[in-house]
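The values are calculated or read from the model by the stated rules, or taken from the named source; none is laboratory data. Keep in mind it's a predicted model, so treat the numbers as computed, not measured. Heads up, the Cβs are rebuilt from the backbone with ideal geometry, glycines too, and the neighbour counts pull from every protein chain shown. For accessibility, only protein heavy atoms count, side chains too; no ligands or nucleic acids. Shrake-Rupley method; radii C 1.70, N 1.55, O 1.52, S 1.80 Å.
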Amino acid sequence: MKEYLTLADLQRDLRAGNTTCVTLVGQYLARIREYQHLNAFVEVYTDEALQRAEAIDERLTNNQAGRLAGLVLGIKDVLCQAGHSVQAGSHILDQYRSPFTATAVQRLLDEDAIIIGRQNCDEFAMGSSNESSYFGPVRNAADPSRVPGGSSGGSAVAVQAGLCHASLGSDTGGSVRQPAAFCGVVGLKPSYGRVSRWGLIAYASSFDCIGPITRSVEDAALLLEIMAGHDEFDSTVSTREVPDYSAQLDWMAVSGQQPARVGYLRESLESEAVAPEIRERLGQVIEQLRADGHAVEPVEMPLLKYCLPTYYILTTAEASSNLSRFDGVRYGYRSEDTPDLERLYKNTRTEGFGDEVRRRILLGTFVLSASYYDAYYTKAQSVRKLIRQETERLLTHYDFILSPVTPTTAFRIGEKMDDPLQMYLADIFTVQANVVGTPAIAIPAGTDQEGLSIGLQLMTRPFAEKELLAFSKYVSDLITMPEKVE
Amino acid sequence: MISTKLTPTTIPDELLGSYETVIGLEVHCQLLTESKLFASDTNRFGGEPNTHISPLTLALPGTLPKLNKKAVEYAVRMGLACGCTISERTIFDRKNYFYPDLPKGYQISQDKAPICVGGAVTISVKGKDHEVTEKTIRFHHIHLEEDAGKSVHDGNQTETQLDYNRAGTPLIEMVTEPDLRSAEETGAFVTEIRRLARYLDVSDGNMEEGSLRCDVNVSVRLAGASELGTKVEIKNMNSIRNIMRAVEFERRRQVATLENGDSLFQETRMFDAETGETYGMRVKETMNDYRYFPDPDLCPVVLPEATIQEIRSRMPALPRELREKFVSHYGIPAYDAQQLTDTREMAHYFENLCSHTNAYKTASNWLMGPVKSYLNESGTDIADFSLTPQVLAELITLVETEVISHSTATQKAFPALLQAPDRSPRELAETNNWLQNRNTNELETLVDEVLNAMPDKVTAYKKGKKGLMGLFVGEVMKKSKGTADPKLINQLLAEKL
């Protein structure tokens with residue numbers, strides 16, 4: 001099957017009559033079957049996708065198709081779609097079907113995207129390796145003994161392995177960018193409040209962002225453009241106008257021919273904790289940028305080490321409350337053993353949630369408890385404010401902050417399952433964007449000696465997605481250019 | 001040995017009198033908004049179980065709250081009416097606890113930054129010598145929160161049924177300072193709150209349906225002590241009478257307990273309306289840690305001064321303002337003013353009435369007399385009263401100008417008008433021959449006839465049996481077929497005798 005880097009390429013073939021939506025869906029379905037061992041999908045909507053493809057083919061013939069005609073999309077199992085199951089990778093949502101559709105998903109459907117299935121992820125999006133899913137681990141297509149990253153692991157692998165054209169994930173501390181990096185695809189976390197969270201099963205409300213996982217920056221821009229913007233159903237979504245990102249991807253035009261000011265985290269280039277090959281690759285990119293006339297300087301971010309603790313205190317606090325509704329009373333899993341109310345709760349939640357989710361609920365309950373609230377929750381909120389101020393200050397001097405997405409490339413399945421703290425370090429560079437609310441993107445920057453993908457992260461000011469996407473496209477082209485020349 | 005232990009019923013008054021009762025209230029008032037506090041489903045009492053339940057009300061995964069602006073406005077109205085400071089920036093917090101009727105596992109409420117802070121209402125209470133005194137009861141704050149659903153235990157011990165219609169309906173919780181000192185004060189306070197809520201149209205204040213509910217905190221201390229005693233919370237009181245009964249019982253119980261040398265402990269008690277007693281809940285009480293934290297799904301609500309002023313400008317006059325106006329502007333007694341401002345509708349009717357007649361005191365008498373009796377008897381409300389203020393005013397004017405007698409007006413014209421509210425009182429009086437006969441010559445003839453017919457009685461009267469005057473008047477009235485002006489008859493009789 002022909003693999004398209006961008007939807008624009010694909011749509012050219014559609015219009016030229018070289019392929020049809022039905023053909024494309026059929027090819028993806030075949031590949032999903034072929035790569036079933038990767039465990040990327042939890043459920044595949046075979047008939048529904050084919051029927052929809054047929055309808056969209058007809059609209060294409062009549063020139064009435066939407067902007068996403070031909071886009072075959074997978075959605076992470078935390079996004080609600082009316083009439084479809086959604087389980088957040090958890091046992092506790094057994095048999096649950098959503099009666100409504102997430103705003104972001106609906107906007108893509110309205111432009112004729114075809115949803116081919118829901119994708120495996122860490123339970124309630126809590127994890128960095130997609131090993132905490134009730135449906136079992138997802139495998140990295142580049143090396144099935146390795147993790148795809150998480151929590152949107154299924155979504156990243158699906159794009160990596162060509163099981164769908166693009167995926168929709170969610171990013172609370174790096175859950176779109178980290179797996180995108182491990183799988184060598186593009187992962188965009190928009191600004192907090194850029195995309196409505198209505199219909200996204202909450203992990204940590206003040207951090208959660210829906211973001212696309214794609215093969216190209218162009219497609220990330222297009223999907224964001226369609227999903228973003230005001231929504232009656234989410235009070236935290238911004239009313240700012242949404243620029244036509246996909247039409248403004250020329251960095252030179254966007255920047256007015258000005259060279260970019262880029263800061264890179266000194267820690268990320270010098271720290272022993274970052275794999276040498278990743279540091280080397282980052283160094284090369286920095287040199288390329290400098291050679292192209294951009295100002296690239298090391299920056300200090302003394303508060304960086306507080307990002308992870310802040311993130312874990314605040315996200316677990318919010319999660320402990322967000323996940324209280326899963327009690328076995330109204331929907332989802334209920335324990336068989338419910339002799340009284342207390343045991344209805346205890347048994348249902350003990351049996352229904354996995355280890356990592358229970359760990360985070362306990363941690364969150366602890367940090368919110370009366371005796372520890374000020375020591376943890378209040379303090380973490382203050383630190384979050386400081387990190388925000390420091391990051392915003394940095395971003396007045398620099399247009400972008402450059403870093404690796406992850407300290408290592410994809411690790412082996414099982415390698416970090418017994419050491420949650422090691423696992424949490426996988427998000428060390430990504431959590432800052434969620435703590436602050438800034439947009440950030442992971443773009444592929446080659447592979448290490450073992451053929452495992454290295455990801456590069458660019459972060460910028462809140463709601464500066466236009467600049468971020470244009471520069472990402474530029475950097476992406478810059479990175480791949482030498483290979484083309486050779 | 002017989003037991004000398006005191007009980008709430010045997011405790012002597014002088015012992016009770018050496019203690020002071022301290023009461024604080026949490027009044028929950030359901031707001032009359034069209035939809036729920038954070039969801040679009042209908043906010044109505046009743047309905048088949050689980051018919052007003054959107055995905056949000058059921059806390060389905062992926063749902064988010066959206067604040068109802070009307071509820072904020074209602075809370076501000078109440079706050080302004082109570083003289084509270086309206087917070088320029090108010091936030092919503094999550095109160096976390098598990099209960100089957102609480103769908104999200106947390107209630108969206110307000111903890112650290114409630115919408116209204118401080119404030120007070122003034123109540124009038126009758127003292128021992130029936131003297132009415134005024135007292136100010138302060139508020140700690142007023143906050144907005146959502147209600148929970150209802151658990152129904154249908155006689156079946158092993159099953160609980162859940163109705164989520166009420167889940168998410170908007171409430172304001174009004175928390176007082178411990179300023180109340182007796183059951184009477186507490187009753188007067190809740191009555192005043194209910195009146196305010198109804199005046200402001202923020203709640204129907206219907207206690208039977210649970211639109212207005214109270215948690216009552218009661219403690220006692222020796223008179224003159226400055227430290228507060230151990231308080232007991234009586235939950236979910238839903239009638240003013242029961243609140244008063246519960247307070248009275250609880251103070252007696254607490255005093256008896258202390259006098260017996262036992263100690264009180266802080267607990268939650270329920271009130272049994274059958275026995276008139278409170279009882280402790282048998283469950284072991286663990287300290288509940290609600291883990292309040294700001295709800296990250298909702299933005300802070302910012303209320304600029306201009307918005308508050310706009311809300312204020314749309315508020316109707318308050319009972320207290322009307323009472324003052326009625327006394328100062330219409331010159332009616334304070335008691336009348338109090339009665340006429342009991343409901344906003346009555347107050348409006350009175351004001352309307354006064355725009356059609358200058359006989360303000362008479363107008364007040366009419367409303368508090370015949371009109372109120374009629375409303376009570378028919379079980380209706382002034383809002384549904386069929387006579388317009390214009391018609392009633394015309395009837396009053398007929399009496400004032402002595403066209404018809406007061407008794408004719410109240411006993412004949414008023415009931416007739418109720419049957420035919422569209423008719424003009426004057427026309428009705430004319431048709432029925434109710435006009436007072438003020439023809440002196442005619443009446444003089446009648447008086448002579450009556451006196452001539454009973455010479456014995458006249459002699460008796462002249463000898464001092466003055467009570468016979470009524471008989472003479474009645475006879476003359478009879479002869480005039482009720483049309484004579486009683487004042488004129490009296491006058492003529494006095495002259496002749």
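Which one of these does A:V367 not meet: (1) more than 10 Å from chain B (Cβ to nearest Cβ); (2) crowded, with 19+ Cβ neighbours inside 10 Å; (3) part of a helix (DSSP H, G or I)?
Result: A:V367 fails condition (1) only.
Let me confirm something: among A:F326, A:F353, which residue is modelled with pLDDT of 95 or more, open to solvent by less than 20 Å² (accessible area, probe 1.4 Å) and more than 13 Å from chain B (Cβ to nearest Cβ)?
Unique residue meeting the criteria: A:F353.
If a residue counts only when it is open to solvent by less than 20 Å² (accessible area, probe 1.4 Å) and assigned by TED's automatic domain parsing to the domain that holds B:V301, which strands (runs of 3 or more DSSP E) contained entirely in the stretch B:114-158 have at least 2 such residues?
Answer list for the stretch B:114-158: B:120-126, B:132-146.
Collect the residues in the stretch A:125-184 that are open to solvent by 10 Å² or more (accessible area, probe 1.4 Å) and basic (K, R), keeping them in residue-number order.
Within the stretch A:125-184, A:R139, A:R146 meet the criteria.
Could you pull out the residue among B:G62, B:G79, B:G47 that is surrounded by fewer than 21 Cβ atoms within 10 Å (Cβ to Cβ) and either modelled with pLDDT of 95 or more or over 19 Å from the mean Cα position of the chain (by Cα) (or both)?
Matching residue, one of B:G62, B:G79, B:G47: B:G47.
Select from the stretch A:202-248 the residues that are among the aromatic types (F, W, Y) and open to solvent by less than 10 Å² (accessible area, probe 1.4 Å) and write down the one among them that is nearest to the other protein chains (Cβ to nearest Cβ).
Looking at residues that are among the aromatic types (F, W, Y) and open to solvent by less than 10 Å² (accessible area, probe 1.4 Å), I get A:F207.
What residue, among those in the stretch A:195-251 that are hydroxyl-bearing (S, T, Y) and touching a Leu at 6+ places or on another chain (Cβ under 6 Å), is nearest to A:R118 (Cα to Cα)?
Applying the filter and picking the extreme gives A:S216.
Against the condition among the small types (G, A, S) and either away from chain A (no Cβ under 14 Å) or surrounded by fewer than 17 Cβ atoms within 10 Å (Cβ to Cβ) (or both), how does B:S18 come out, does it pass?
In short, yes.
Checking B:M78 against (1) at negative phi; (2) within 14 Å of chain A (Cβ to nearest Cβ), which single condition isn't satisfied?
Failing condition for B:M78: (2).
Quick one: which residue in B:F472, B:F414 is in contact with a helix residue (DSSP H, G or I) (Cβ under 9 Å, 6 or more places away or on another chain), surrounded by 12 or more Cβ atoms within 10 Å (Cβ to Cβ) and in the same structural domain as B:L375 (by TED's automatic domain parsing)?
Going through B:F472, B:F414 in turn, just one is in contact with a helix residue (DSSP H, G or I) (Cβ under 9 Å, 6 or more places away or on another chain), surrounded by 12 or more Cβ atoms within 10 Å (Cβ to Cβ) and in the same structural domain as B:L375 (by TED's automatic domain parsing): B:F414.
Quick one: B:R221 ticks every box in (1) more than 16 Å from the chain's Cα centre (by Cα); (2) under 23 Å from B:C116 (Cβ atoms); (3) among the charged types (D, E, K, R) except a single one, so which number is it?
Result: B:R221 passes all but (2).
Only one residue in A:R261, A:R266 is modelled with pLDDT of 95 or more, among the charged types (D, E, K, R) and touching a strand residue (DSSP E or B) at 6+ places or on another chain (Cβ under 7 Å), so which one is that?
Matching residue, one of A:R261, A:R266: A:R261.
Would you check if B:K36 is under 30 Å from A:S85 (Cα atoms), within 10 Å of chain A (Cβ to nearest Cβ) and crowded, with 19+ Cβ neighbours inside 10 Å?
Taking the combined requirement at face value, the residue does not satisfy it.
Residues in the stretch A:21-51 that are over 22 Å from the mean Cα position of the chain (by Cα) and among the aliphatic types (A, V, I, L, M): how many?
Residues that pass the stated criteria total 7.
So that you can scan it fast, the table gives a plain yes or no per residue for (1) of a type in the set (G, A, S); (2) touching an Asp or Glu at 6+ places or on another chain (Cβ under 8 Å); (3) away from chain B (no Cβ under 12 Å); (4) closer than 15 Å to A:G187 by Cβ:
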residue: A:H91; (1), (2), (3), (4): no, yes, yes, no
residue: A:Q119; (1), (2), (3), (4): no, yes, yes, yes
residue: A:R146; (1), (2), (3), (4): no, no, yes, no
residue: A:G153; (1), (2), (3), (4): yes, yes, yes, yes
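Looking for something open to solvent by less than 50 Å² (accessible area, probe 1.4 Å), part of a strand (DSSP E or B) and polar (S, T, N, Q) - is there at least one such residue anywhere in the stretch B:201-219?
Yes.
Which ones in the stretch A:430-478 are β-branched (V, I, T) and open to solvent by less than 20 Å² (accessible area, probe 1.4 Å)?
A:T430, A:V431, A:V435, A:V436, A:T438, A:I441, A:I443, A:I454, A:T460, A:V475 - these are the residues of the stretch A:430-478 that are β-branched (V, I, T) and open to solvent by less than 20 Å² (accessible area, probe 1.4 Å).
State the number of residues belonging to the stretch B:39-56 that are of a type in the set (V, I, T) and more than 10 Å from every other protein chain (Cβ to nearest Cβ).
2
B:R245 - would you say it is open to solvent by 30 Å² or more (accessible area, probe 1.4 Å) and either touching a residue at least 60 places away in the same chain (Cβ under 8 Å) or away from chain A (no Cβ under 14 Å) (or both)?
For B:R245, the condition - open to solvent by 30 Å² or more (accessible area, probe 1.4 Å) and either touching a residue at least 60 places away in the same chain (Cβ under 8 Å) or away from chain A (no Cβ under 14 Å) (or both) - is met.
Inspect all residues belonging to the stretch B:318-335 and state whether any of them is within 17 Å of B:A81 (Cα to Cα), loosely packed, with under 15 Cβ neighbours inside 10 Å and not aliphatic (A, V, I, L, M).
Yes; the residues of the stretch B:318-335 include at least one that is within 17 Å of B:A81 (Cα to Cα), loosely packed, with under 15 Cβ neighbours inside 10 Å and not aliphatic (A, V, I, L, M).
Give the number of residues within the stretch A:260-276 that are open to solvent by less than 70 Å² (accessible area, probe 1.4 Å) and either more than 18 Å from A:T406 (Cβ to Cβ) or out of contact with any Gly (no Cβ under 9 Å at 6 or more places or on another chain) (or both).
Result for the stretch A:260-276: 10.
Which residues, taken from the stretch B:248-270, are open to solvent by 30 Å² or more (accessible area, probe 1.4 Å) and in contact with a Lys or Arg (Cβ under 8 Å, 6 or more places away or on another chain)?
B:N260, B:Q266, B:M270
If you go through the stretch B:57-75 one residue at a time, how many are in contact with a Ser or Thr (Cβ under 6 Å, 6 or more places away or on another chain) and either within 11 Å of chain A (Cβ to nearest Cβ) or assigned to a helix (DSSP H, G or I) (or both)?
3
Restricting attention to the stretch B:85-106, and to residues there that are open to solvent by 10 Å² or more (accessible area, probe 1.4 Å) and of a type in the set (D, E, K, R), which single residue is farthest from the other protein chains (Cβ to nearest Cβ)?
B:E88
Which helices (runs of 4 or more DSSP H) does the stretch A:152-255 wholly contain that include 3 or more residues that are more than 27 Å from A:V357 (Cα to Cα)?
A:217-227, A:251-255
Restricting to the stretch B:408-424, count the residues that are within 33 Å of the chain's Cα centre (by Cα) and in contact (Cβ under 8 Å) with a residue 24 or more places away in the chain.
Residues in the stretch B:408-424 being within 33 Å of the chain's Cα centre (by Cα) and in contact (Cβ under 8 Å) with a residue 24 or more places away in the chain: 5 in total.
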